[in-house]
Amino acid sequence: MIKIKNKISIERMQKAGQLLSQILQETKDLIVPGIDTLQIDNFIEKRMLSLGLKPECKGYAGYKYATCISLNDVIVHGVPSDKVILKSGDFVKIDVVGSYKNYCADMARYFFVESVRDEVKKIALVAQTALDCAIEYAVVGNHLSDISACIQSIVEQAGFGVVRDFAGHGIGKSMHEQPDIPNFGVKGQGPILQEGMTLAIEPMITQGDYAVKIMKDGWTAKTLDGGLSAHVEDTILITNNGPQIFTR
Ligand code: MF3
Ligand code: CO
């Protein structure tokens, strides 16, 4: 069942999204050579707590950190570590879930460490374009799979791969609710979108093959072929006046 959110839930999710968005803006200044990803995680966690956000990743399925920080060929769920040190040219993706008064927002953004190769800029732009298109399709009366199909078509037309092993999701009191939102599919399938649904849409795309391998830590998901990967995510509300993005 896909939950329809009431006004209070929506206001809280919106607040969570605004605060997360603000924090990731602030984080930009930390993305410099020499900093490790645990320091970045600590900064974000501290800012979340001081702004009234609960870091929902911490404690989720035994995960120990507020954020996932994924570099280069890491697709998602990169584990913050003092041994992962940013260097010039790195492609950094930060994913964070925070709740305000028990209602979640989920978002991911990418950052460049100094200047990056053109292929990094290219994959980042395609992921962002796919997310923006997906959000445009998140309107009352569309089928859920219209979102998926639009992501797949943009990504594949640009020559990139769409990861099958992870998906976007409904979101609310829990970070993961119904429905699953795959980043591939044919349009016209699945539930009809309705006002009050809240979705976390998150294309995860690869330069080469979309096959994934999970590292020994049980979390870090990399491309099997070592190619670059990009991921961006927003939490949105479907309304009769079009999509409302909580996390921008
Ligand atoms: N933000 C991720 C998502 O989109 C979840 C992170 S997994 C966790 O679903 F363990 F870090 F919480
Ligand atoms: Co998510």
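At a glance:
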| read-out | value |
| --- | --- |
| Percent accessible area from carbon and sulfur atoms, the chain, protein chains only, probe 1.4 Å | 52 |
| Low-density loop positions, GluC sites (Glu not before Pro), region 121-226 - DSSP coil, at most 15 other Cβ in 10 Å | Glu195 |
| Rg to Rh quotient for region 133-187, alpha carbon positions, Kirkwood Rh | 0.99 |
| Where N is the number of residues in region 32-169, Cα Rg divided by 2.2 N^0.38 Å | 1.14 |
| Potential lengthening between Phe112 and Ser88 on full extension [0.36 nm per residue; Cα-Cα distance subtracted] | 7.8 nm |
| Gain on full stretching of the segment that runs from Ile4 to Ile35 - 0.36 nm per residue minus C-alpha separation | 7.0 nm |
| C-alpha center-to-center spacing [region 163-230, region 57-74] in angstrom | 15 |
| log₁₀ of I(q)/I(0) at q = 0.08, 0.11, 0.13, 0.15 Å⁻¹ - region 7-245, Debye sum with one point per alpha carbon | -0.27, -0.52, -0.74, -1.00 |
| In sequence order, calculated HN-Hα J values of region 238-247 (Karplus, 6.51, -1.76, 1.60; Hz; x Gly/Pro) | 8, 10, 5, 9, x, x, 10, 8, 7, 9 |
| Residue-averaged 222 nm ellipticity for the chain, from DSSP H runs of 4+ at -39500 (n - 2.57), nearest 500 | -9500 deg cm²/dmol |
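The values are calculated or read from the model by the stated rules, or taken from the named source; none is laboratory data. As the structure is a prediction and not an experimental result, all values here were calculated from the model. Every residue, glycine as well, gets a Cβ built from its backbone with ideal geometry; the counts of neighbours run over all protein chains shown. Calculation scope for accessible area: heavy atoms of the full protein, side chains included, ligands and nucleic acids excluded. Shrake-Rupley method; radii C 1.70, N 1.55, O 1.52, S 1.80 Å.
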